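One structure is given here, and the rest of the page talks about it.
The values are calculated or read from the model by the stated rules, or taken from the named source; none is laboratory data. The model shown is predicted, which means the values in this text are computed figures rather than measured ones. Positions of Cβ are backbone-derived with ideal geometry, glycine not excepted, and every protein chain shown enters the neighbour counts.
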Amino acid sequence: MGRVSMSSRPAARLLALALVTIVVGSVIYFASQASTDGRVSRSPRRPDGIAAGAKALTVEQATVGRTIPAGFVGLTTEYRGLEAYAGLDPQALDPVFVQLIRNLAPDQSPVLRIGGDSTDWTWWPTPGVARPGGVKYDLTANWLQVAHALAQTLDAHLILGINFEADSGRVAAAEAHALIDGIGRARISALELGNEPELYGSFSWYKAPDGQHVNGRPPTYDYADFVRDFGNIARSLPRSVTLAGPSMGSSVWIPLLGQFLSGNPRVRLATLHRYPLKHCSAATPVTIADVLSDAASTGLAATVANAVAISHVRGIGLRVDEMSAISCGGMAGVSDSFASALWSLDTLFAMARVGVDGVNVQTEPGSLNELFAVNAANGAWQADVHPAYYGLMMFAQAAPPGSRLLALSGAPGEGVNAWATRAPNGDVRVVLINNATAHGRVVAVRIPFLGGPATLERLQASSPHAENGVTLGGQGFGTATATGLLAGTPDATSVEPSAGGSYVVSLPAASAAMLTLPPR
């Protein structure tokens with residue numbers, strides 16, 4: 001059984017030859033594909049020594065956009081969040097929190113925004129003035145001391161929300177004077193009136209004793225009403241401090257920014273809020289694919305490009321001083337996943353590309369959008385650092401103050417976004433982000449004006465769904481950090497250019513990598 005007869009041998013030879021051809025062809029095909037772990041394949045090579053399946057990208061010397069300013073990456077938290085993160089003792093601030101802020105603005109003065117929803121829920125208790133119905137939080141002398149100590153320790157600039165929904169000049173003025181006196185004028189970058197006023201007419205500000213929901217403004221409240229109200233309340237604030245606004249995120253109101261700035265000339269910092277994805281009910285789920293889509297990163301930045309131009313033509317800076325991937329506190333399994341790290345890295349570059357002067361990323365204690373959770377046990381502080389923070393940290397490394405984005409040509413491949421910067425010292429960094437969740441990519445990066453070995457650093461995790469185990473350059477914060485510093489053995493590798501002068505970088509699925517080349 002199974003033996004081939006003499007008469008059938010020619011046919012058998014043909015069959016065997018056909019099988020060999022099929023197998024060899026299959027091997028060549030699969031070898032030409034980048035594997036999902038991102039390793040460079042054994043595919044046929046072009047004359048320049050680069051794998052045939054690699055995509056080519058060229059970094060040009062021409063710059064695009066504006067110079068990236070100091071303090072570009074900042075944080076925003078609620079009024080209650082300050083003491084939750086920094087602690088209650090102004091003489092013994094949480095050192096882990098302090099370091100986590102420093103990581104995002106190394107050798108810079110960080111910009112911290114304190115406000116959000118709590119802007120219109122907070123006040124400074126004022127003799128002779130009834131506590132507004134929507135107020136849930138009273139500022140205290142200790143809060144001011146903690147804020148002052150944090151700003152001094154970090155050499156930080158603060159953007160501080162002022163209650164606007166109460167619609168009272170006396171309430172706003174009392175709060176402003178308390179903040180200035182308690183923290184110090186030099187530490188306050190701007191006072192920001194209100195928070196997302198476009199919602200005042202439709203969202204409840206508080207619930208009355210009889211159970212009735214009370215809005216901060218009537219249902220008919222529109223943009224013209226807001227511009228007028230802002231001007232009226234602004235007149236009660238000290239003229240020694242810069243004003244910021246309109247602190248809005250409505251796609252309907254943002255295009256009207258020019259009207260707001262024209263009607264309120266005291267505003268010298270335009271502020272907007274941006275969330276690409278909404279998850280305010282179970283009916284609006286958000287997926288990993290949504291977060292990693294271009295619409296959520298470069299598309300989000302495109303929504304503020306015109307507002308940036310409107311502000312800059314007036315000599316006014318524009319800051320997206322509240323941003324996260326998903327609104328309404330985020331979504332479990334997505335906001336706290338490694339996908340959020342790739343999103344934050346990509347989106348910061350996109351915001352810089354359209355000329356935004358800075359971004360404050362939301363971290364709210366206890367929410368899924370929290371960048372880190374801190375706690376103190378037996379007098380020792382620790383922090384659980386979440387994935388999105390790693391993306392912010394890689395951006396801070398890739399775009400130090402004074403950096404310029406460089407023009408790129410070519411195509412890095414489907415699902416891959418690429419960014420390049422040149423630092424003031426001449427270092428060129430190229431960041432490649434593979435948003436594809438199932439396929440690795442190979443990119444050949446050509447930098448005609450530089451040569452020699454480059455350093456490669458990776459941002460990666462086990463999968464886009466991973467909520468821990470993230471590493472940056474081989475290091476991480478582990479399950480908890482008592483220092484706020486990356487730990488572990490650095491894993492930066494040297495990459496030599498190919499015969500054609502390109503740097504070949506393999507990108508595992510859902511990962512990022514950064515090439516760094518010093519000037520010649």
- Task: Scan E496, E467 and give me the residue that is among the charged types (D, E, K, R) and touching a helix residue (DSSP H, G or I) at 6+ places or on another chain (Cβ under 8 Å).
- Result: E467
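Report, by residue number, each residue of the range 331-357 that is touching a strand residue (DSSP E or B) at 6+ places or on another chain (Cβ under 9 Å) and on the phi > 0 side of the Ramachandran plot. Explain how you work it out, then say what you get.
Of the residues in the range 331-357, the ones touching a strand residue (DSSP E or B) at 6+ places or on another chain (Cβ under 9 Å) are 331, 334-335, 338, 340-342, 344-353, 355-357.
Across the range 331-357, the qualifying residue is only G355.
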- Can you spot a residue in the range 495-518 that is surrounded by 22 or more Cβ atoms within 10 Å (Cβ to Cβ), in contact with a Leu (Cβ under 6 Å, 6 or more places away or on another chain) and assigned to a loop (DSSP other than H, G, I, E, B)? no
- Message: Of everything in the range 126-184, what is farther than 17 Å from A84 by Cβ, touching a Pro at 6+ places or on another chain (Cβ under 8 Å) and β-branched (V, I, T)? Give them in sequence order.
- Response: V171, I180
- Query: Applying the selection to the range 75-103, what residues are under 11 Å from I114 (Cα atoms) and of a type outside the set (A, V, I, L, M, F, W, C)?
  - Reply: T76, T77, E78, Y79, R80, G81
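Step by step: first the residues of the range 282-300, then only those that are assigned to a loop (DSSP other than H, G, I, E, B) and either acidic (D, E) or in contact (Cβ under 8 Å) with a residue 24 or more places away in the chain (or both), then the one that is surrounded by the fewest Cβ atoms within 10 Å (Cβ to Cβ). Which residue is that?
Top of the filtered list is P285.
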- Conditions (1) more than 28 Å from S236 (Cα to Cα); (2) over 25 Å from the mean Cα position of the chain (by Cα); (3) of a type outside the set (F, W, Y); number of the one not met by D138: (1)
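Do we have L408 as farther than 19 Å from D294 by Cβ, of a type outside the set (G, A, S), surrounded by fewer than 24 Cβ atoms within 10 Å (Cβ to Cβ) and in contact with a Ser or Thr (Cβ under 8 Å, 6 or more places away or on another chain) here? Spell out how you get there, then give the answer.
Details: farther than 19 Å from D294 by Cβ: no; of a type outside the set (G, A, S): yes; surrounded by fewer than 24 Cβ atoms within 10 Å (Cβ to Cβ): yes; in contact with a Ser or Thr (Cβ under 8 Å, 6 or more places away or on another chain): yes.
It is false that L408 is farther than 19 Å from D294 by Cβ, of a type outside the set (G, A, S), surrounded by fewer than 24 Cβ atoms within 10 Å (Cβ to Cβ) and in contact with a Ser or Thr (Cβ under 8 Å, 6 or more places away or on another chain).
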- Query: With respect to I188, is the statement that it is β-branched (V, I, T), crowded, with 19+ Cβ neighbours inside 10 Å, at pLDDT 95 or above and under 16 Å from A244 (Cα atoms) true?
  - Reply: yes
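Could you tell me which residue of the range 51-62 is modelled with the highest pLDDT, considering only residues that are in a loop (DSSP other than H, G, I, E, B) and either aliphatic (A, V, I, L, M) or under 20 Å from L517 (Cβ atoms) (or both)?
Among them, the one singled out is A54.
Residues that are within 30 Å of R404 (Cα to Cα) and in contact (Cβ under 8 Å) with a residue 60 or more places away in the chain: which helices (runs of 4 or more DSSP H) entirely in the range 63-161 hold 1 or more of them? Reasoning before the result, please.
Working: elements: 79-86, 95-104, 141-154.
The helices (runs of 4 or more DSSP H) meeting that bar are 95-104, 141-154.
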- Of the residues in the range 348-368, how many are buried (at least 24 other Cβ atoms within 10 Å of the Cβ) and without any contact (Cβ under 8 Å) to a residue 60 or more places away in the chain? 2
- Item | Residues (surrounded by 23 or more Cβ atoms within 10 Å (Cβ to Cβ) and among the hydrophobic types (A, V, I, L, M, F, W, C)) located in the range 451-469 | A454, L459, A461
